[in-house]
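Asker: One structure, pasted below without further comment.
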């Protein structure tokens, strides 16, 4: 039927009859609009399939791959800004579903470090062969790795739009989360945790604060954030800069009264003078110079292969000067070529707009991200600790983000009515409890008023790299995994008198199991309400189309002098094997024939979902536009340059040399 547009005037005798089809036109227009809306919703719900990762090159043949998703999510179309993610689903659920977001630091260092060298399911070996990580963190939690901020790792954006401040990063990350969970709503019912290391000690509190702030605005999507974990975190720069000297003395790499100590003392005093001038404190070159001088004056010429410099990330190791740890860890020699393999890039749906090959740390991102107008994340911790538990952990062999700096931070932190680890305001401090894993001392735990601190023995800047099983035990304690529901045997581990496996974790704050169950059920109902809305739209579309068709048929029938709804011959239609349709008399009707109304075959049935089915399905459903044409130097590691050295020091993640390109 062709619909024409008419102008109507009182002199037009046929106007009333011309206007009659207007109702049909309105209904058909409404039906079209609803159809477009349904198409958008269906496209959104189906887009998750576009991120499915079906295989990995070099994967072990005797290990079942976890369900994986990976790819880019556009967060800033005006700057071609995309964040890359790689998700691994859990192997088991235990007592409840959980998701852990992992971030590495830098700024500008890829979270593929965490995925391929620390907490992910696999480690990369020579020749691009993968082996199973015995301490993988996705045993009882989904793992979501994000290259953050834009320009980091596989993430990309126009190079003139890299971020400068921490609040900008948090805003971008919230956009990422909203879009990610739009595509993967099944994870909205999971307990959510954010973990990471190094400069992620700045990222994580800012993101957590953004999530928790939404609790005051019910118009925005709420996320069930249950806790945050920061390993060897860069959190309070002033205290951590000033910790370099006492830590070096405690480890015996500096001795009082020596020429080396005198040179370090000069740098230390200059840092203090600069801090007293009220400069921005997240990055202070005069204070970073303390570390430069320490690494210079403590070189050991007796070491082999010219490796005279202490590794700033693991004092047990040496490196060439001035790299001093930039060539560490050894796994990077295998990880970098693996993450540049065309087969791997295709498997992970890496966009061709990401023109530069993967590098661990992007120098251009680090140079842009100075955070001069941001306050250190330590200022956010008191407000966060009022609402959720926080765990800080440190490997005892790390110099650059050493444990003395973070312990000093905690000792002066005022939160939840007390200072530091006071068990009660003005009272005694909580005791340090020995952590034993598999019969051997693994470290110490200390907890009070929602804050837990873990010092881990014999561990570097990247704790899970050195001690994968112990790091996973720490995770499970914090997130409260109850092995009684897992079908697996808990590890031989204890903290004080508390063994692993009972679903307990130190000082988790307020809230009961009943509260948690209610929130899970509420989220389940909400998810089904959203699904019901889609079903309702589909039914409304069908009903609107049906009504429009019936109205049109009746009006046509009146003109012909009889009434019919036009479905008398519907049941006589049959479908042939080639997809065409035929009348029962044998006359073939092509699907594209304009004389056939597709609504003739429309059958609408209301979906029925029982409450039992809802529970069964949902509660434990888990399982630069280059414009990125950077110079090769832009893909070097974050540059933390001192005034009298050409060496750069990255306070947030292992610093790399130009050989990484």
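The values are calculated or read from the model by the stated rules, or taken from the named source; none is laboratory data. Computed from a predicted model, the values in this text were never measured in an experiment. Because the Cβ atoms are built from the backbone with ideal geometry, glycine has one as well, and the counts that use them run over all protein chains shown.
Asker: Name every residue in region 369-379 that is buried (at least 20 other Cβ atoms within 10 Å of the Cβ) and assigned to a helix (DSSP H, G or I), in order of residue number.
Answerer: Just the residues of region 369-379 that are buried (at least 20 other Cβ atoms within 10 Å of the Cβ), to begin with: 369, 371, 374, 376-378.
Scanning region 369-379 gives 377, 378.
Asker: List the number of the failed condition for residue 472; all other conditions in (1) at pLDDT 95 or above; (2) within 27 Å of residue 114 (Cα to Cα); (3) surrounded by fewer than 16 Cβ atoms within 10 Å (Cβ to Cβ); (4) out of contact with any strand residue (DSSP E or B) (no Cβ under 9 Å at 6 or more places or on another chain) hold.
Answerer: (3)
Asker: Identify the residue in region 341-357 that is touching a strand residue (DSSP E or B) at 6+ places or on another chain (Cβ under 9 Å) and assigned to a loop (DSSP other than H, G, I, E, B) and, among all such residues, is farthest from residue 48 (Cα to Cα).
Answerer: In the first step, residues of region 341-357 are kept if they are touching a strand residue (DSSP E or B) at 6+ places or on another chain (Cβ under 9 Å); the result is 347-351, 353-356.
Applying the additional criterion that residues be assigned to a loop (DSSP other than H, G, I, E, B) yields 348-351, 353-356.
Numbers: 348: 13, 349: 12, 350: 15, 351: 16, 353: 20, 354: 21, 355: 24, 356: 26 Å.
So, considering only residues that are touching a strand residue (DSSP E or B) at 6+ places or on another chain (Cβ under 9 Å) and assigned to a loop (DSSP other than H, G, I, E, B), the one farthest from residue 48 (Cα to Cα) is 356.
Asker: Inspect all residues belonging to region 149-159 and state whether any of them is under 12 Å from the mean Cα position of the chain (by Cα) and surrounded by 20 or more Cβ atoms within 10 Å (Cβ to Cβ). Even if it seems obvious, please write down each step before you answer.
Answerer: Step one: of region 149-159, the residues under 12 Å from the mean Cα position of the chain (by Cα) are 149.
When the remaining residues are screened for being surrounded by 20 or more Cβ atoms within 10 Å (Cβ to Cβ), the result is 149.
Within region 149-159, one or more residues are under 12 Å from the mean Cα position of the chain (by Cα) and surrounded by 20 or more Cβ atoms within 10 Å (Cβ to Cβ).
Asker: Another question about this same structure. Quick one: which residue in 387, 397 is assigned to a loop (DSSP other than H, G, I, E, B), in contact with a strand residue (DSSP E or B) (Cβ under 9 Å, 6 or more places away or on another chain) and surrounded by fewer than 24 Cβ atoms within 10 Å (Cβ to Cβ)? Explain how you work it out, then say what you get.
Answerer: On the way: 397 fails: in contact with a strand residue (DSSP E or B) (Cβ under 9 Å, 6 or more places away or on another chain).
Just one listed residue meets the conditions, 387.
Asker: Looking at (1) at negative phi; (2) buried (at least 17 other Cβ atoms within 10 Å of the Cβ), which is the one condition that is false for residue 325?
Answerer: (1)
Asker: Another question about this same structure. Could you check region 321-340 and list, in sequence order, the residues that are outside any loop (DSSP other than H, G, I, E, B) and out of contact with any helix residue (DSSP H, G or I) (no Cβ under 9 Å at 6 or more places or on another chain)? Walk me through it before giving the result.
Answerer: Quick first cut of region 321-340, residues outside any loop (DSSP other than H, G, I, E, B) only: 332-338.
Passing the criteria: none in range.
Asker: Could you grab me the full set of residues in region 150-187 that are in a helix (DSSP H, G or I) and touching a strand residue (DSSP E or B) at 6+ places or on another chain (Cβ under 7 Å)?
Answerer: Initially, region 150-187 is screened for residues in a helix (DSSP H, G or I), giving 159-161, 166-183, 185-187.
Selection gives 161, 172, 175, 176, 179, 180, 187.
Asker: For region 91-118, how many residues meet the condition of being part of a loop (DSSP other than H, G, I, E, B) and closer than 20 Å to residue 368 by Cβ?
Answerer: Residues of region 91-118 that are part of a loop (DSSP other than H, G, I, E, B), as a first pass: 91-97, 104-108, 110-111.
From what's left, closer than 20 Å to residue 368 by Cβ: 104-108, 110-111.
Matching residues across region 91-118 total 7.
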